[in-house]
Structure formats: C-alpha cells, structure tokens
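The values are calculated or read from the model by the stated rules, or taken from the named source; none is laboratory data. Every value quoted in this text rests on a predicted model; they were computed, and no experiment measured them. Cβ placement follows ideal geometry from the backbone for every residue including glycine, while neighbour counts extend to all protein chains displayed. For the accessible areas, the whole protein counts, side chains as well, though only heavy atoms, and no ligand, DNA or RNA atoms are used. Shrake-Rupley method; radii C 1.70, N 1.55, O 1.52, S 1.80 Å.
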Amino acid sequence: MARAMKVAIVDDEADMRASISQWLALSGFDTETFPSAEDALKAIGPEFPGVVISDIKMPGMDGMAFLKRLMGMDSGLPVIMITGHGDVPMAVEAMRVGAFDFLEKPFNPDRMTDLTKRATNQRRLTLDNRALRRELSDGNTLMKKLIGTSTAMERLREDILDLGQADSHVLIDGETGTGKTLVAHALHAVGPRASRKFVTISCAAYSEQSLSDRLFGPVAEGAGLPLVEEARGGTLCLEDIEALPNALQARLLTLINDQGTPPETRIIAICNEHAADKTLEDVLRPDLYYRLGAMKITLPPLRARGEDILTLFTRMSEQFAEEYGCDAPQVTAQEAAQLLQAPWPGNVRQLVNIAERAVLQNRRGSGSIASLLMADNEATDPGAMTTEGKPLKEYVEAFERMLIDNTMRRHKGSIVAVMEELCLPRRTLNEKMAKYSLQRQDYT
C-alpha cells in the first residue's frame, strides 16, 4: 500500500501559509502549517512521512538555520525553500546545504505542485528503502516471512538458524521462485555478521569484464569499492553462481583460499537454474564447488509443501485485498483441492501472482481461481496441469484447517464467533484446533 505523504508548510506570514496550503490541498496533498521553524521542529522527526516547504526569511530561526537543522536530523528529507526576489545566491547556498529545490516569489503554483509531487515521490522511495533495509537486517522479521508448517519448512527454518551461526560459505539451490534470495538475507540476519554489510550481485547480469571489474576492481572513479572489498567482514551474496565465467571462478577460489579459516568474508552462492542434463557440480570447477558447497541448503518446491499452499495463498490474498481496498476471495473446497494439486512450476512467486490476480478478479466480481490456475499452467507448461493425486482425506483436512484458520483470524480469536459461523460445538472446535496445531493466542 502506498505510503501517505504529508507536506509541512513553514512561513511566518499567515496569508502565505494559507495560500500554499489551500493550493496543495486542492492538488490532493495532505498539508500541515507552522508559523515558525521552532514550531515545525516539534512535529518533524527523522522519519517524517513527507516533505517540507519553508520560507527563507523568517524571524527567530530563519530558513537557512532551519534547513541545516533538518539536514542534520535527516539528510534524506526533501526541503523546498521559498525565496524573495533577488535572493537567488541564498537559494544556491541552500541547495549546497541540501535543499531539494527552491521557489522564487512570486512563484507559479503549478511549478510548486510539480516540485512537491517530485519531492514526495522521492521521500516515499527513501522511506520505503529504509524500511526494506531494516526488514532485511531483522532476522525475526525474515524468519516470519518463511511461512508454513510443513516438515520441509520446519527443517528449512532450523537449517537457517543453525547455518546462520556458522562461518562456512553456503550454497543455496532450488527451483525458481522458491525464495532463495530471502533465505540468503535470513542467513546473514540471524548470524554474528548481521551488523556488517550484506552485498549482493547477479553473476548473470553483466558481461565477464564488467563482472570482473565490479567484483574485484578496478572500478570507475567515484563508483565506490570493488564488491569483495565492500563486503569485507560481512557477507558477499553471488546470485546465479552458475553463470560465473571460468576465469572469475579461479579468482573467486583464490580469494577464498587467501582468506583462510574462518573466512573474513562469508560467501553465499545462489544457484537459480542450470541445464537439465547438468548439475551444478558440472557447471562449477570442482574445487570451487566443494568450497562453496561446504554447507548447502536446497529449498523445497511449493508442490511438495502440502497445506502450506493454502496458508500462503490466504495470507497473500488478504495482503493484496488490504492493498486494493476490497475483500479477499473465499476459497471453496474445490478450489482448495485445485490449489493443492497444481504443479506450481513458478513456486511461491507464481502463487503470489495468482493471489493478486484473484483479488483483482474478486473486486470486479468475475472469474475464478480455477481459471487463473489453468491459464497460468497452460502458459508455463501445457502438459503439466496437475501433480500426482493425493488421498481425499488430505484435501479435506487441508481445506478444514484453512477454513478454521481464516475464520479465527477474521474474528481475532473469538471462539464463540467461530463456533457460530462454522456451526461447530466448542468441544469439536477445540479438538480440530488441537489436531491442526492452531492456538487461540495466535489470533488475539
């Protein structure tokens, strides 16, 4: 869901504050006005969800002093300065200090709207990137993203917690869309290097020379350090390791050997795909393969995760329903069986896409989950419509668990409300919750 942005308007002239606020409000912005920089500073913090428009000439703390205070607090906060006629040198100085841009009185309202729009877009991106970085450095948050109660997922979470504490290099393998990059971030975030840098690069995204320069140097002036230097002491994640050219495999092996044991920089290699008739051992030189694969995690395909499929689909569809401001689609028993039977060649990534499209369909009041599955699988592989069948009992139990889980979350753990909606006596509901490991406290 798009983050709502505010516009703080700071000017000692009441008419000017009202005029700017009214114009921007008519343009769709959420505005807040302040008569002085001192008042504004009481409301604006480092994570202020918006931008600032401030006059330069004000009694007390003037605009330049205000700008410097804001930049010292959050250099990523866009500040648009309003200057009087002939104050262009002061505006240039404000830009040097860190202002987003400036408007010279009398200014064009349309230019102000355009500047504010660009500034709020930049602020939204800055805050979203910060939130993403915090999320990717929080081991608990990442582990919660690995949704599922299947044996395969329980084992995966245990492997991440175990291997995260180790120093050895790790090789992550698995089908496309299974979440290998997420697991790499989690391995870093739950280990002792969590406070150090996590640097990632796709070996398939560059020519051999460009990849060599980015990894080992030399890099262009002003472009920072080679990635092996930038990641020193932290984690270097090499995606698409199967695409690493032979010459660079040799350089990487030399780097690994020179680091000794334990390695100064941990390497996590991700294998995304390789030819059906070749294993990763065939693609990488043996000495490098055994150094990178000292510890290995193979992610389970979605089709092997049983009722995790229904749990994931429900969670994703609810998230998209909240984002689009509509109801999530209700999954029927037949659709639950179809979700469980689907081959899922694109794994979790494919499921997320179908969940979003199902929400959009539901908002329009047309279409079905079955039609989405059929169209998706026909486009991927016309011959792979379903996996091997499972006993009816498994489908029934998976649907029953999903239904109780959804109802408990909808009623925030109210046992009475769930009993009434599902027409179940309390004892039966308790027995089924115990059977499916559903705890009331998880929903309150």
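Quick notes on this structure:
- Against the conditions (1) of a type in the set (K, R); (2) within 23 Å of P300 (Cα to Cα); (3) in contact with a His (Cβ under 9 Å, 6 or more places away or on another chain), K180 satisfies every one except (3).
- Residue in region 84-95 that is open to solvent by 70 Å² or more (accessible area, probe 1.4 Å) and at pLDDT 90 or above present: no
- Being under 21 Å from A370 (Cβ atoms) and at pLDDT 85 or above is a description that applies to L340.
- Restricting region 180-199 to residues that are within 20 Å of K145 (Cβ to Cβ) and not hydrophobic (A, V, I, L, M, F, W, C) leaves a set whose member that is modelled with the lowest pLDDT is G191.
- Residue match in region 49-66 (condition: under 20 Å from D11 (Cα atoms), in contact (Cβ under 8 Å) with a residue 40 or more places away in the chain, out of contact with any strand residue (DSSP E or B) (no Cβ under 8 Å at 6 or more places or on another chain) and β-branched (V, I, T)): no
- Consider region 384-398 and keep the residues that are part of a helix (DSSP H, G or I) and surrounded by 13 or more Cβ atoms within 10 Å (Cβ to Cβ). The one that is modelled with the lowest pLDDT is Y395.
- Each residue in region 181-210 was checked for being part of a helix (DSSP H, G or I) and either of a type in the set (S, T, N, Q) or open to solvent by less than 70 Å² (accessible area, probe 1.4 Å) (or both), and 11 pass.
- Residue check for G177: at pLDDT 90 or above, part of a loop (DSSP other than H, G, I, E, B) and in contact with a Gly (Cβ under 6 Å, 6 or more places away or on another chain): yes
- Residue match in region 410-420 (condition: at pLDDT below 85, outside any loop (DSSP other than H, G, I, E, B), farther than 29 Å from T181 by Cβ and within 29 Å of the chain's Cα centre (by Cα)): yes
- Only one of the numbered conditions (1) in contact with a strand residue (DSSP E or B) (Cβ under 8 Å, 6 or more places away or on another chain); (2) farther than 16 Å from S19 by Cα; (3) open to solvent by less than 20 Å² (accessible area, probe 1.4 Å); (4) modelled with pLDDT of 85 or more is not met by L127, and that is (1).
- Scanning region 211-239 for residues that are among the aliphatic types (A, V, I, L, M) and in a loop (DSSP other than H, G, I, E, B) gives V219, A220, A223, L225, A231.
- Sole exception among (1) assigned to a loop (DSSP other than H, G, I, E, B); (2) surrounded by 12 or more Cβ atoms within 10 Å (Cβ to Cβ); (3) at pLDDT below 80 for R401, by number: (1)
- Those helices (runs of 4 or more DSSP H) of region 1-77 in which 3 or more residues are within 31 Å of the chain's Cα centre (by Cα) occupy 63-73.
- Scan of region 240-260 for residues that are charged (D, E, K, R) and either open to solvent by 40 Å² or more (accessible area, probe 1.4 Å) or in a helix (DSSP H, G or I) (or both), ordered by number: E242, R251, D258
- Qualifying residue in region 161-169 (condition: within 30 Å of P345 (Cβ to Cβ) and not in a helix (DSSP H, G or I)): yes
- Any pair with Cβ under 6 angstrom, 6 or more apart, that starts in region 334-360 at a residue that is under 15 Å from T178 (Cα atoms) and ends at one that is of a type in the set (K, R) and part of a helix (DSSP H, G or I): P343/R303; W344/R303
- Residues of region 3-38 that turn out to be exposed (fewer than 14 other Cβ atoms within 10 Å of the Cβ) and free of Cβ contacts under 8 Å to residues at least 12 places away in the same chain, as a count: 5
- Residue count, region 299-348 (criterion: outside any loop (DSSP other than H, G, I, E, B) and touching a helix residue (DSSP H, G or I) at 6+ places or on another chain (Cβ under 9 Å)): 30
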